[in-house]
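Engineer: I am attaching a structure below and will ask some questions about it afterwards.
The values are calculated or read from the model by the stated rules, or taken from the named source; none is laboratory data. Just so it is clear, the model here is predicted, and its values are computed rather than measured. No Cβ is skipped: glycine too gets one built from the backbone with ideal geometry, and neighbour counts run over all protein chains shown. Note: accessible area is taken over every heavy atom of the protein model, side chains too, but ligands, DNA and RNA are not part of it. Shrake-Rupley method; radii C 1.70, N 1.55, O 1.52, S 1.80 Å.
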Amino acid sequence: MTACDLEEGKRVGRPGEVVGAQGSTASAYRRSGSTWLLVFGLAISAAIFVAGSAAPASAQEQPASQVLSVSPAADPGQAPQESTNKKAGDYSIQQSVEFGYRDSIIHGNLNNYDTFENLTSGVRLFDYSVEMHSIDHRGIFFDNLSFVNSGYGGDPNDISRLHMDKSKWYDFRVMFRRDKNYWNYNLQANPLNPTTGPLPEPYASIINSPHAMDLSRRMQDYDLTLFPQSRLRVRFGYSRNTDTGPQSATVEGGTEPLLTENVNEVTNSYRMGVDYRGLPKTTLSFDELLTYTDINNSITDNNLLFQLTNGTPVDLGVVSNGTSPCTAASITPPVASSTCNAYTSYSQVQNPRSSFPVERFGFTSSYVKNFATSGSVSYSESRNTVTDFDENITGWSSRTLAAGSTTAGPTRADRVSISANWSGDYSVTSKFSILDKFFFDDFRIPSYWATADTNVFDEPNPPALAGMLRLPFFPTAYNITNFATLCPAPYTGVNCPQHSASSGADVTNELATSFLGQNRRSNTFEVKYDFTRRVSAYVGYEFTARTIQDFSATWDTGEIYLPGGAGGTAGLTEGGTKTGNYYFAARGDCAILATGQLPAGCTLNPNGSIQEGTSSNLVPEAANDSVRNTYEIHEQDGLAGVTARPIDSLRLNGDVVFGYNDNSFTRISPRQVQSYKVHARYSPRPWANLDAAANLDENRDNVYTVDNIEHSRTYSVAAMLAPKATFWINLGYNYVDIYTQTEICFVDTGSTVFTAANSPCPIVASVAAGDTLGTLSYYKSRDNYVYADAMWKPQKRVTAMAGYGGSIVRGSTTFLNALTPSGTLDFTFLKPFVSVSFDLYKGLSYKTAWNYFGYDTHGFANPVGLAPLPSEDFNGSNVTFSLRYLF
């Protein structure tokens, strides 16, 4: 743990932590600072403000140089500063440092506050910078140096930037950034945790999100350019990104265990390039990019909060919807019945390795009179491999009588792509020009996975042992040679596995392959004409052709069904020969046909097992799609736009796009496209800027069984007013309206909302795949965002700032589960701030800032029938006291 990772005065649930009602960490009151410090700091601020405002101008110390004005685009918490440049030898030097203390006083859900803000109490380095500039470009090692830092001491975002250059020799840039990515907004388990069921409160209180994370991402970038002003310029670069920390996850199934994942991901990128500018008005470039990624993640089940009667720890999961055989009567905390759906252990290790080399050649040229052109071509052949994937599960499920499973096997996916583009802009006359742009992109992604799976079943234990108390049978400990010796016919011995007619294969070896490729060609042609110096317009046409190919197929290379289990059918025949008792070896893909024979591809082994496929005789799965499918899509768009400047202070822009596609690859791919953009900028005075814009996008594919309709509509207005150097105001309003709908099909056994009678699936292919229910799924959201910032300098020594930012979001969507809360679809988030700074002495200033955070959910936060979760709301203040020194 480093200093920048420390967060003072904080106790919140971390990934993988489930806390009972009495130990709730999600709803709390954080007051890391102290009352006397807050009162003392505010008192100092008030006294300085009053003293500075009351002091006559003649009594104030005059700065060495004029105070710099602050533009509306500046940091709203940053006050104007004096210039304090000093000379040292050949260099002009200026340094500044701002440090202080933040007091965070937050009420409510601290997990959500950290998800959105994560600003905590403690001493902080808000900013440190140094600027050095050679006066006559005669610096020994560099002409210019800039070093900037901020966020150190515990903030979620730390950053450092270094820039050095020497004329004609080099340009060197370094950046380091560390981001804390924290997420613990708890909604995902709530619909599955009703008040009535096998595990009512308080035994299954889900305080933290089962999909939480607390990751640290560190990013480093180094770029060096040699001879930046010469004809031959050479560029080198290196980047390293790491992502580490814990996060939690679940596994879909009858039991959903709460898993802890340790994330460790590293990406290294190397860059080398050259630019040649020896030809007149022409630049030729070549770049080599090499990117390598190593992922070393591991997942374990640390949520073993219950135990069996023999003391074995178990995880009953975060799902308690009453569908499992584990009833409330089966649990006497912390002891659970052995027939509950549960996990006794889970582990997964995966170490993907990927390489992504790219070669790129580009050029730009304006050598030909009135003609500018540019283009590039790139080629890459990347590879992603997993050689040691391993997943192990032990537990119990009444549906399959399985006690566990393992999944392993190597996998590999390649991506081969080539991209090219060219553009040319020809000015026919001073008013008339022609533009043409061409794009080409082709990629292919073949992949395979040689799976090696096992299912772990019970041995015939004594009747007193049930469920998870039974001893498991591990098929990996046996093979075709010794199975008959350890488990001879009639396959009912103590070493034999127990199956039912619906049990899966004991050992499954498969080869899963897939392919996805696309070839895309696009050309845009535009003509532009300037009617007058104030009015110009363009029209254009864009044509795009896409060819998409895909397939997905799986072959059995050794699927083995071992015999064992009471109730098997005896006396069946195979090829006219009596084979005795199959005892459930003939099941699944190798179930006996009506003719009394095994299906083609299934072979009876001498030890009684039945095997489908071998490494030399691949047997395709029933749902294989091994024939490459080809989809042709042609897109046509009409383009038009106009730019007008009726008066010098007013500028208007408008653009429209109308498009049609003759096919779509996915259910949310549009067939009809419309886009409208309008932008107006008005400056009635040099100190006043008004801005308004509208952006409307409409997509359609409203054919039968698809019914896809989408729109995105954005409107904004803004004003920047600075009538005096001592006063400016910046304010605006944005409105965003998003809507989408599409027909979907799904399976939801036991649903009280959707049934086959009132919500049948209209898509034949989905019904054939088992998705029997259907509905028109929709999502809509309306976001109103308002902001305002103002700066006022009543005296040269005093700067006051105030601002406000607020989002009001209202939305809704299709809920497949009637108990789903609305969550982030409906919320209000308000963030006002106030700050005051005072110049104590030349180059030294003091500042106090207050920031308020108010997050309030609306809609259905806790629908009737759910075990209540803590409120998602939080509110409170951050007060900052800091000193800034320029030297």
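Engineer: Mind listing which trypsin sites (Lys or Arg not before Pro) in segment 638-689 are in a DSSP loop and have 16 or fewer other Cβ atoms within 10 Å?
Structural biologist: Working: sites: ARG651, ARG667, ARG671, LYS677, ARG681; in loops: ARG667, ARG671.
Sites meeting the loop and neighbour criteria: ARG667.
Engineer: Next question, about the same structure. Under a plain spin-label model, where a point goes 7 Å from the Cα along Cα-to-Cβ, how far apart in nm are ASN297 and LEU840?
Structural biologist: Output for this residue pair reads 4.9 nm.
Engineer: A further question on this structure: Carbon and sulfur atoms: what percent of the 1.4 Å accessible area of segment 698-749 do they account for?
Structural biologist: On the way: 1640 of 2640 Å².
On segment 698-749, the fraction of accessible area on carbon and sulfur atoms equals 62 percent.
Engineer: Here is a follow-up. Around VAL747, under 13 Å between beta carbons, what's the net of Lys plus Arg minus Asp minus Glu among the other residues?
Structural biologist: Counting the neighbours of VAL747, the net charge comes to -3.
Engineer: Let me ask something additional. Cα to Cα, under 25 Å, and not fewer than 8 places away if on the same chain: which lysines meet these conditions relative to LYS677?
Structural biologist: Hits, sequence-local ones excluded: LYS431, LYS437, LYS528, LYS780.
Engineer: Semi-axes of the equivalent ellipsoid for segment 672-782, please: Cα gyration tensor eigenvalues, times 5, square-rooted, ordered largest first, whole Å.
Structural biologist: On the way: eigenvalues 485, 49, 9 Å².
In descending order, the three semi-axes are 49, 16, 7 Å.
Engineer: Right, here's the next one. Put PHE172, PHE483 in order of accessible area, largest first, 1.4 Å probe: what do you get? Walk me through the intermediate numbers first.
Structural biologist: Details: PHE172 60, PHE483 0 Å².
The most accessible residue leads, giving PHE172, PHE483.
Engineer: Hey, what's the Cα Rg ratio for segment 112-158 versus the globular rule of thumb, 2.2 N^0.38 Å? Intermediate values should be presented prior to the final figure.
Structural biologist: Values: Rg = 17.1 Å, N = 47, 2.2 N^0.38 = 9.5 Å.
That ratio works out to 1.80.
Engineer: Just to be sure I understand: if I project the alpha-carbon convex hull of segment 642-710 onto a plane and average over all orientations, what area do I get in nm²? Write down the numbers at each step before the final one.
Structural biologist: Details: hull surface 23.5 nm².
Result: a mean projected hull area of 5.9 nm².
Engineer: Same structure, new question: Please find the FRET efficiency linking LYS281 to VAL234, where r is the Cβ-Cβ separation and R0 is fixed at 25 Å, and quote it to the nearest 0.05. Before the final figure, lay out each step's value.
Structural biologist: Values: r = 21 Å, r/R0 = 0.85.
It comes to 0.75.
Engineer: Here's something else I'd like to know. Rounded to the nearest whole Å³, what is the per residue volume of the convex hull around the Cα atoms of segment 774-887? Before the final figure, lay out each step's value.
Structural biologist: Values: hull volume 14.9 nm³, N = 114.
Enclosed volume per residue, from the Cα hull, is 130 Å³.
Engineer: If the viscosity is 0.692 mPa s and the temperature 37 °C, what Stokes-Einstein diffusion coefficient in µm²/s follows for segment 603-691 when Rh is the Kirkwood radius over Cα pairs? Could the numbers behind the result be given before it?
Structural biologist: Values: Rh = 19.7 Å.
Calculated translational D: 166 µm²/s.
Engineer: Distance check, please: which entries in LYS796/LYS831; LYS166/LYS369; LYS793/LYS842 exceed 25 angstrom between their Cα atoms?
Structural biologist: Values: LYS796/LYS831 28 Å; LYS166/LYS369 34 Å; LYS793/LYS842 17 Å.
With Cα atoms farther than 25 Å apart: LYS796/LYS831; LYS166/LYS369.
Engineer: Distance between the C-alpha centers of segment 760-795 and segment 824-840? Whole Å please.
Structural biologist: 27
Engineer: At 20 °C and a viscosity of 1.002 mPa s, what translational diffusion coefficient does Stokes-Einstein give for segment 725-838, taking Rh as the Kirkwood radius over Cα pairs? Give it in µm²/s as a whole number.
Structural biologist: Details: Rh = 18.3 Å.
In µm²/s, the coefficient is 117.
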